[in-house]
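The values are calculated or read from the model by the stated rules, or taken from the named source; none is laboratory data. What you see is a predicted model, and the numbers here were worked out from it, not measured in a lab. No Cβ is skipped: glycine too gets one built from the backbone with ideal geometry, and neighbour counts run over all protein chains shown. In case anyone asks, the SASA skips ligands and DNA or RNA and just uses the protein heavy atoms, side chains included. Shrake-Rupley method; radii C 1.70, N 1.55, O 1.52, S 1.80 Å.
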Amino acid sequence: MTSRRQFVGGLLGAAVVSRVGAASLPEAPLRDNAEMAPPLFPTSGPHYNPVVTLNGWSLPWRMNNGWKEFHLVAEPVRRQFAPGMTANLWGYNGQSPGPTIECVEGDRVRIFVTNKLPEHTTIHWHGILLPNGMDGVGGLTQPHIPVGKTYVYEFQVKHSGTFMYHPHADEMVQMAMGMMGSLVVHPRDPKSNSVDRDFAFILAAYDIEPGAATPKVAEMTDFNLWTWNSRVFPGIDPLVVRRNDRVRVRIANLTMTNHPIHIHGHNFTVACTDGGWVPRSARWPETSVDIPVGAIRAVEFVADNPGDWAFHCHKSHHVMNAMGHDVPTMIGVDHRGLAERINRLIPDYMLMGERGMADMGEMEMPLPDNTLPMMSGSGPFGAMEMGGMFTVVKVRDGLARNDYKDPGWYQHPPGTVAYEWKGEAPAASRQAEPRRGPADMRVRKPGADSHKHH
Ligand SMILES: [Cu+2]
């Protein structure tokens, strides 16, 4: 007790909070679906432009004597990855990832954490500068939160930026099961680093066998579902932005590998990491940003190019859904007649891959229940042959300020879409055969006196 009172006193000077102030638990709002919630505007304290969490939501809070109080409940959840596939995960307040926590630089934050998991847990506030005993490392800075118990974290938020929260207890299992959430601290001055649209999501990877629903928690490298906020394309929300909006996208990586996230039709700069804001003079233009493991990058761009722009991880295996990685390469193999013969034995059998794998984006091969096709999604021009870490930035004229509704596909102005050449096929020019002449073939014999040849 004494040490706790000393901590609070030391942090806040005279404004010591009585234990009675923390005695009643705030409500723990729940969510049972993966739809994007509208931004949660602050009802108290300094104004800020709230973030929008892809396929997620921000956690409501209550004010209590100058403290912003949140309540997280760690618990098993059901999370739909995309229509047709739902997983058994662990998360917070009904979903995985947990709700985004938003607060303001200087806020005094009190977060209640109730453990409804089958084992103990803690929460670490990744990137936040706080007193050691609030850091959430089980065994090192606090006892683990036992099953059924509620612990309280209290700290004053010292700097604005992009952070996250996750357990620091049985980490391999708890993070493989989806326990994570975004934590955004807005600057106290609303004009500082302000943008018009501010998106957040976390990169997470799962290994769920086709037909199964629970991740294999011991997997180290061979994941088959590459997700943004525990969603895969075509289940990931588009980033809907108004033309000429200044846009920020905050991306945290809790997978076991790096992800080069790439935008089409625009360039961006890295404006913020989990260490804080990048000085403007130190930002340079990019179209891909590599997000290292356990790190966060917030990129910013001006959405001045109307259209439907792909936004995705540039590792081509991360824009696919569950598949075996032991698929043989069949390009160039002549299958003619083979499918017919196999079909006499196995009626639904399909051969694939001899012309590439694009056919898989369109065909309907029977899949086990609760399994997504490897490549899916269709656009206005056909199958998109994507999955995993892929979505679309939809830049449109004339959207309302906080309108994030999917505006449908981009209507291209006439004459601005790649088109088929219908004239005579031109003779293809090829690079000339490399010249092979005596001059190129001249070699020196080992040991020969080279001077004689010149
Ligand atoms: Cu990736």
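For this structure, a couple of remarks:
- Whole-Hz ³J(HN,Hα) from phi, Karplus 6.51 cos²θ - 1.76 cosθ + 1.60, for segment 78-87, glycine and proline x: 10, 10, 7, 7, 6, x, x, 8, 10, 10
- For segment 79-126, the share of accessible area belonging to carbon and sulfur comes to 49 percent (1.4 Å probe, ligands and nucleic acids excluded).
- Short to long, the 10 Å bins of the Cα pair-distance histogram for segment 212-262 hold 16, 46, 26, 9, 2 percent of all pairs.
- Cα-based convex hull volume of segment 162-216 per residue, rounded to whole Å³: 94 Å³
- Stokes-Einstein translational diffusion, segment 269-313 - Kirkwood Rh over all Cα pairs, 0.692 mPa s, 37 °C, in µm²/s: 274 µm²/s
- Rg and Dmax of segment 129-241, Cα atoms only, in Å: 17.4, 50
- Quarter of the Cα convex hull surface for segment 63-119, i.e. its orientation-mean projected area (nm²): 5.0 nm²
- Neighbours of LEU203, meaning other residues whose beta-carbon lies under 14 angstrom from its beta-carbon, give a summed charge of +2 when Lys and Arg score +1 and Asp and Glu score -1.
- For a straight C-alpha distance cut-off of 16 angstrom, the lysines reachable from LYS116 (same-chain residues fewer than eight places away being disregarded) are LYS149.
- Whole-Å semi-axes of segment 202-315's equivalent ellipsoid (Cα gyration tensor): 28, 18, 10
- The spread of Cα positions in segment 61-156, taken along each principal axis and listed from longest to shortest, comes to 44, 29, 23 Å.
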